[in-house]
């Protein structure tokens, strides 16, 4: 069992009831990223553990390697992670990883090319992402849609075939979400999307 804490990453062996600690080591760039508060984790189809740290980018744990790999923003390279405050992950059918950030919008990591593609808000385009600050993401298992929880603009839905975003703004009507901050997302067996917001469920 993997556990993300405010002070690093823990692996709990349920048989021996013992913990293995993964923490930041200033002298070792292959250790957990220097800011070790864990926001979210994903165990992908290839058996790789993705770990996002607050302000520290992304750590990747592969049991076949003796170190933690690291993805961070490089201001001089637009094909790197857009922002180091990463909030959540989701894997699509091709094994590529959707990544939300707390100020750098949405990224898609391509497994074959190791390149990050950015999806940014564009005030001139109503079909673009609503806002830079994102909290959660899920890839639908029933459709191709990607659902994104924002911090300040409610819920967004991306159609990856067209790269068009649909917005569900906060409000009191049945066509609106009850709050502008969507912290968690879950899809049930028939494709309904459940949301945990700052104002309830």
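The values are calculated or read from the model by the stated rules, or taken from the named source; none is laboratory data. None of the values given here were measured: they were computed from a predicted structure. Glycine gets a Cβ as well: all are built from the backbone with ideal geometry, and neighbour counts include every protein chain shown.
Structure notes:
- Within the stretch 186-201, considering residues that are closer than 16 Å to residue 172 by Cβ and assigned to a strand (DSSP E or B), the one modelled with the highest pLDDT: 195
- Subset of the stretch 58-89 [surrounded by 20 or more Cβ atoms within 10 Å (Cβ to Cβ) and assigned to a strand (DSSP E or B)]: 58, 59, 61, 68, 71, 86, 87, 88, 89
- Residue within the stretch 168-185 that is under 17 Å from residue 91 (Cα atoms) and assigned to a strand (DSSP E or B) present: yes
- Looking only at residues in the stretch 167-195 that are surrounded by 11 or more Cβ atoms within 10 Å (Cβ to Cβ) and out of contact with any strand residue (DSSP E or B) (no Cβ under 7 Å at 6 or more places or on another chain), the one that is nearest to residue 132 (Cα to Cα) is 169.
- Beta carbons closer than 6 Å, at least 6 apart along the sequence or on distinct chains, pair a first residue in the stretch 150-162 that is more than 15 Å from residue 119 (Cα to Cα) with a second that is modelled with pLDDT of 95 or more and outside any strand (DSSP E or B) for 152/131; 153/130; 153/131.
- Some residue of the stretch 10-31 being closer than 20 Å to residue 137 by Cβ, in a loop (DSSP other than H, G, I, E, B), in contact with a strand residue (DSSP E or B) (Cβ under 7 Å, 6 or more places away or on another chain) and at pLDDT below 90: no
- Every test in (1) without any contact (Cβ under 8 Å) to a residue 40 or more places away in the chain; (2) over 23 Å from residue 4 (Cβ atoms); (3) touching a strand residue (DSSP E or B) at 6+ places or on another chain (Cβ under 7 Å) is passed by residue 140 save one, and that test is (1).
- Residue check for residue 110: at pLDDT 95 or above, exposed (fewer than 15 other Cβ atoms within 10 Å of the Cβ) and either closer than 24 Å to residue 162 by Cβ or in contact with a strand residue (DSSP E or B) (Cβ under 8 Å, 6 or more places away or on another chain) (or both): yes
- Verdict on residue 95 being surrounded by 17 or more Cβ atoms within 10 Å (Cβ to Cβ) and part of a loop (DSSP other than H, G, I, E, B): no
- Filtered residues of the stretch 120-135 (kept if crowded, with 21+ Cβ neighbours inside 10 Å and either in contact (Cβ under 8 Å) with a residue 40 or more places away in the chain or assigned to a loop (DSSP other than H, G, I, E, B) (or both)): 130, 134, 135
- Flag for residue 117 being part of a loop (DSSP other than H, G, I, E, B) and either more than 23 Å from residue 194 (Cβ to Cβ) or without any contact (Cβ under 8 Å) to a residue 40 or more places away in the chain (or both): no
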